[in-house]
Amino acid sequence: MRDIAVISFAQTPGRRSVPELNEVEMLMPAIHGALEQVDMTIDDIGFTCSGSTDYLAGTAFSFVSTLDGVGPWPPIQESHVEMDGAWALYEAWVKLQLGELDTALVYAYAKSSPGDLPMVLTRQLDPITVAPLWADSVSLAALQARALLDSGKATEADMATVAARSRKDAMDNPNAQLAWDRPASDLLTDGYHIAPLRKSDCPPITDGAACIILAAGDVARSKVERPAWIRGIDHRVEPIHLGLRDLTVSESTRIAADKAGVAGGKVDVAELHAPFSHQELILVDALGLDSETSINPSGGALAANAMMTAGLIRIGEVANRISNGSADRGVAHATSGPCLQQNLVAVLEGDA
Amino acid sequence: MPEIQLPPSLQGVEPVRSVRTPARLDYTFTPGEATSRFLKGITQKKIIGQRATPDSRVYVPPRGADPELGAATPIEVEVAQVGTVTSFCVVNLQFYGSGMEIPYTSALVLLDGADLSIMHLIQEIPADQVRVGMRVEAVWRDDADIEPTLESIKWFRPTGEPDDVNVRIPGEIRGTGLGSWPGGVAPTELTVRNPRTGLGGTAEFGGEG
Amino acid sequence: MGHERVAVVGIGQTKHEATRGDVSVAGLLREAAGRALADAEMTWTDVDAVVIGKAPDFFEGVMMPELFLADALGCTGKPMFRVHTAGSVGGSTAIVASQLISAGIHERVLTVAFEKQSESEAMWALSLPIPFTPPLHAGAGGYFAPHIRSYIRRAKAPDHIGMLVALKDRQNGVKNPYAHLHEPDISFDSIKESMMLWDPIRYAETCPSSDGACALVLGSEKVADEAAAQGRKPAWIQGTAMRSEPTLSAERDTVLPLGGALCAADVYKQAGITNPRKDVDAVEMYVPFSWFEPMWLENLGFAEPGEGWKMTEAGATALDGDLPVNMSGGVLCTNPIGASGMLRFAEAAMQVRGTAGDHQVDSVRKAVGHAYGGGSQFFAMWVVGKDKP
């Protein structure tokens with residue numbers, strides 16, 4: 001396999017809504033930021049890939065107009081996935097493995113503000129048996145949290161600890177939407193939002209965009225001092241139906257982690273795409289991480305959760321920490337579908 | 001395909017062949033900066049195009065990015081309310097959401113000062129007389145009915161000026177140098193001018209060579 | 001093309017109809033995928049990864065439907081990937097799937113593309129108002145008709161060319177048991193008399209709206225060699241390419257898009273094609289409105305600009321012509337939008353493998369599959385052939 005690294009990452013600050021900008025206007029600063037950081041233009045990019053979804057935009061073919069933000073002229077090699085940008089990054093990584101191209105630009109964005117996100121997400125469910133129930137994403141997550149608590153694998157205090165730590169760490173993240181310092185004991189006195197989830201266990205609704213640039217081998221080395229090499233990357237999916245899975249574990253994450261080689265070394269930092277606090281507990285277990293690992297120093301999805309983008313941002317946040325030398329090896333995770341249905345795991349590492 | 005064995009209680013029960021599940025989602029769209037400025041201009045009966053740099057293409061209606069440069073378009077340029085038809089079609093099909101009386105002529109109109117045609121209606125002329133090169137002008141709604149939407153322009157009608165037979169049709173060989181395989185030679189990215197570097201294009205097609 | 005060789009070792013498609021009321025979306029997919037697996041003499045457990053493609057989710061009223069279809073496609077515990085590149089998606093999906101094998105990541109990939117347009121309202125989904133834009137297009141035809149008119153003007157093409165294409169493709173469709181439209185009584189006059197929808201496009205020159213799915217099993221060289229040894233000829237992928245350009249840009253030529261030409265040039269170079277007209281034996285190109293045939297013939301280098309219509313008029317693109325185009329009946333007979341691109345790629349592979357039945361062309365060594373999407377801005381192509389690259 002070719003050595004491919006993340007050489008640049010940029011994101012827009014997560015905000016509840018960005019009404020003054022349309023999608024392409026919101027996205028461009030992330031693309032320009034990522035390119036400018038490594039003194040590149042779209043002409044230096046071999047392949048472009050993006051992740052987004054029509055149902056958030058409320059229009060069909062919505063990704064078509066945002067492509068303008070990249071300046072695809074003369075015509076470019078480009079693709080698009082109706083998935084989180086982390087999977088767009090996977091497609092770009094595969095493309096670079098083929099050897100003819102050395103650089104790729106990956107972007108993702110979503111404005112959840114135009115619609116009612118938990119209702120929009122009900123459209124992902126089985127259209128015949130579940131979607132007509134309009135079971136919103138928070139309620140489904142609550143079912144999973146209930147299952148986890150009942151299994152004895154975690155307590156509400158464990159969840160509150162995750163919630164408290166995430167928002168406190170987010171205070172150091174200028175792009176975080178929710179950042180505050182309230183201890184877990186305090187959170188536990190709040191009433192339930194959708195039991196057993198409290199508001200603090202739930203992610204914000206975020207409008208945002210992010211962009212990552214990948215480069216191969218010597219091209220990466222020529223652009224940045226310490227590229228964040230992708231040592232392994234894999235993704236797996238499970239059935240959507242909650243009754244067909246053990247919701248207290250994430251089997252697909254476990255398999256992806258194994259294939260990506262997470263256990264092959266020390267994990268200094270892990271950015272996990274866990275929109276709900278209890279899901280971090282499940283993922284830590286599935287990835288086999290221990291207390292040595294710094295988890296979600298960015299605040300994670302609990303601090304900012306732009307749909308289709310939060311997964312890509314996890315990869316970027318790990319890459320940044322490797323590039324700036326504060327970590328040597330890290331794991332990034334992205335998820336899709338209700339209750340951690342589909343999961344992607346990437347292992348990144350800096351040169352020794 | 002494996003045969004599905006129904007339990008005795010369901011034998012002879014009529015299977016459900018389909019379900020109809022109405023769904024409704026409400027979205028509040030915001031136009032964004034570029035479109036907002038354009039629509040504000042419309043309320044003043046002006047047609048405002050936008051460009052990224054003083055030398056780049058003027059886009060009407062603007063959508064937020066210059067698609068060749070991949071840059072925002074902060075410079076406003078008021079374009080004329082007259083232009084030339086660059087292509088058209090006659091629509092005979094009533095479709096969902098359209099309030100038009102059929103047949104109607106839908107045309108691409110290159111307004112003077114703009115670099116890209118807009119799509120709009122042509123009226124006040126029989127459909128079979130509409131032609132490429134015809135000069136047309138915008139017809140606005142009554143002042144009281146002007147709203148921030150491109151529909152405040154009801155349609156375009158002929159001005160009566162002589163046709164502009166040499167109208168630059170965006171993308172045609174004569175104008176910007178795009179063909180496909182002239183002489184059977186495969187085109188390359190160099191066939192067209194790169195808007196960011198200014199390089200590319202071939203002399204034959206009006207580029208810098 | 002990548003360092004590992006890839007071949008098509010299994011092909012399957014559904015019977016395409018306006019409404020497949022007899023199957024759910026899952027059933028539709030499994031019909032195609034099941035046939036492809038059977039063709040490849042594999043089972044669901046042999047598959048390493050699944051790549052799915054489809055066009056806007058508003059067509060079925062389900063957001064990211066591959067999520068609820070994951071287990072119907074045997075994906076549990078496997079990688080599942082969803083591509084969406086507008087109308088070209090069926091093609092780009094197959095290309096993404098082939099790259100997984102090319103890059104040495106997997107050996108057997110199932111790729112499926114589908115659309116069940118009857119579940120939602122396809123016309124509605126295609127015409128969803130773009131906020132702050134007046135709705136004038138009257139569907140895809142209303143968007144493309146002015147560009148077709150530009151082609152006719154530039155090429156000085158006579159009016160009847162479009163109807164010749166429609167006649168040819170519909171007659172070819174009669175020979176394709178899977179095609180949606182079977183019109184054995186179609187004639188030049190019946191096409192001419194059909195209603196003019198968006199002048200110059202008539203009703204009979206327009207693609208239908210279909211429910212349908214297409215599936216391919218792609219295999220590594222090892223898998224393909226095994227299939228060949230067992231008498232199941234693989235179709236070797238000799239080149240793949242994709243290009244995109246903006247929708248509305250002052251430079252672009254919507255009649256002969258540069259992206260399409262560059263895509264073709266790239267894929268021909270990979271496949272060792274130096275003279276497309278001579279080196280290619282059969283073409284499946286994405287023609288949803290009749291006039292796209294002469295336009296794409298020029299765009300893809302089979303004819304010089306302005307000459308494409310002459311090839312059509314001369315009968316060169318007929319089933320018995322010297323460069324048959326759309327032997328399956330093409331998009332004009334069958335258009336489940338998400339699947340249409342993959343159907344083009346699949347039919348090209350069928351020609352090479354000799355499994356196209358009544359619409360088989362003799363001695364096809366190299367065939368081209370082509371798909372486009374959006375406002376003639378997304379292009380995906382592949383070249384498949386009898387020979388290992």
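Bear in mind that the values in this text are calculations on the coordinates, not laboratory data. This structure is a prediction, so every number in the text was calculated from the model and none was measured. Neighbour counts are summed over all protein chains in view; Cβ atoms, including those assigned to glycine, are modelled from backbone coordinates with ideal geometry.
Descriptive notes on the structure:
- One Cα centroid belongs to segment C:359-389, the other to segment A:42-116; the line between them spans 24 Å.
- Listed from fewest to most Cβ neighbours within 10 Å, the set C:M327, C:M295 follows the order C:M327, C:M295.
- Environment charge at A:N22 (Cβ cut-off 13 Å; Lys +1, Arg +1, Asp -1, Glu -1): -3
- Of A:D201, A:D258, A:D218, the one that fluctuates the most in a GNM where chain A has Cα springs shorter than 10 Å: A:D218
- For segment C:252-389, the relative contact order works out to 30 percent when only alpha carbon pairs closer than 8 Å and six or more residues apart are counted.
- Residue-count net charge about C:I52 - beta-carbon cut-off 14 Å; Lys, Arg +1, Asp, Glu -1: -2
- Taking every residue in B:31-37 and counting other chain Cβ atoms within 10 Å of its Cβ, the average works out to 5.
- Sequence of C:K175, C:K269 once ranked by neighbouring C-beta atoms within 10 Å, starting from the fewest: C:K269, C:K175
- Segment A:313-333 residues near the modelled A:M171 label - backbone nitrogen below 18 Å, point 7 Å along Cα→Cβ: none
- Simple Cβ-charge dipole of the protein assembly as shown, Lys/Arg +1 and Asp/Glu -1, about Cα centre, in debye nearest 20: 420 debye
- Put simply, the amide H of B:A52, placed in the peptide plane, has neighbours under 5 Å in B:R57, leaving out anything fewer than 5 places away on its chain.
- Modelled spin labels at B:A144 and C:E304, positioned 7 Å past Cα toward Cβ, are 6.2 nm from each other.
- Once backbone amide H atoms are built at 1.01 Å from N, B:L111 has B:T84, B:I118 as its partners under 5 Å, excluding neighbours fewer than 5 places away on the same chain.
- Debye-formula intensities of chain C, expressed as log10 I(q)/I(0) at q = 0.12, 0.13 Å⁻¹, are -0.84, -1.00 (one equal scatterer per alpha-carbon, no solvent).
- Here the Kirkwood formula puts the hydrodynamic radius of the protein assembly as shown at 28.4 Å, using every distinct Cα pair.
- Comparing C:A204, C:A339, C:A157 in a Gaussian network model of chain C where C-alpha atoms under 10 Å apart are linked, the largest mean-square fluctuation is found at C:A157.
- Prolate/oblate/rounded label for segment B:32-133 (Cα gyration tensor, a/c 1.5): prolate
- Cα gyration tensor shape for segment B:49-95, rounded if a/c is under 1.5, else prolate or oblate: prolate
- Full-extension gain in nm, C:K15 to C:R153, via 0.36 nm per residue minus C-alpha separation: 45.9 nm
- Vicinal HN-Hα couplings computed from phi for segment C:113-128 (Karplus, 6.51 cos²θ - 1.76 cosθ + 1.60; Hz; Gly/Pro x): 9, 7, 8, 10, 5, 6, 5, 10, 10, 4, 4, 4, 5, 6, 10, 3
- Among B:I42, B:V60, B:A71 the positive-end extreme of the charge dipole of segment B:31-79 (Cβ point charges): B:I42
- Note on chain A: with a GNM built from Cα contacts shorter than 10 Å, the maximum mean-square fluctuation among A:M26, A:M40, A:M171 falls on A:M40.
- Once backbone amide H atoms are built at 1.01 Å from N, C:N326 has C:V283, C:E284, C:M285 as its partners under 5 Å, excluding neighbours fewer than 5 places away on the same chain.
- Angstrom value of the Kirkwood radius, inverse mean 1/r, which spans all Cα pairs in segment A:245-333: 13.1 Å
- Reported value for segment A:78-175: 202 Å³ per residue, from the convex hull of its C-alpha atoms.
- Summed side-chain charge close to C:S24 - residues other than C:S24 whose Cβ falls under 12 Å, Lys, Arg +1, Asp, Glu -1: -2
- Normalised by the number of residues in chain B, the average gap of Cα pairs under 8 Å and 6 or more apart makes the relative contact order 14 percent.
- Sites B:R20 and C:E41 - FRET efficiency at Förster radius 41 Å, r taken between beta-carbons, to 0.05: 0.55
- Cα gyration tensor shape for chain A, rounded if a/c is under 1.5, else prolate or oblate: prolate
- Ordered by the number of other Cβ atoms lying within 10 Å of each residue's own Cβ, fewest first, C:T85, C:T334 fall into the sequence C:T334, C:T85.
- Signed unit charges on C-beta, dipole axis of segment A:155-284, positive-most listed residue A:I233, A:T253, A:V269: A:I233
- Using a Förster distance of 41 Å, the FRET efficiency for A:D290-A:D44 (Cβ separation, nearest 0.05): 0.50
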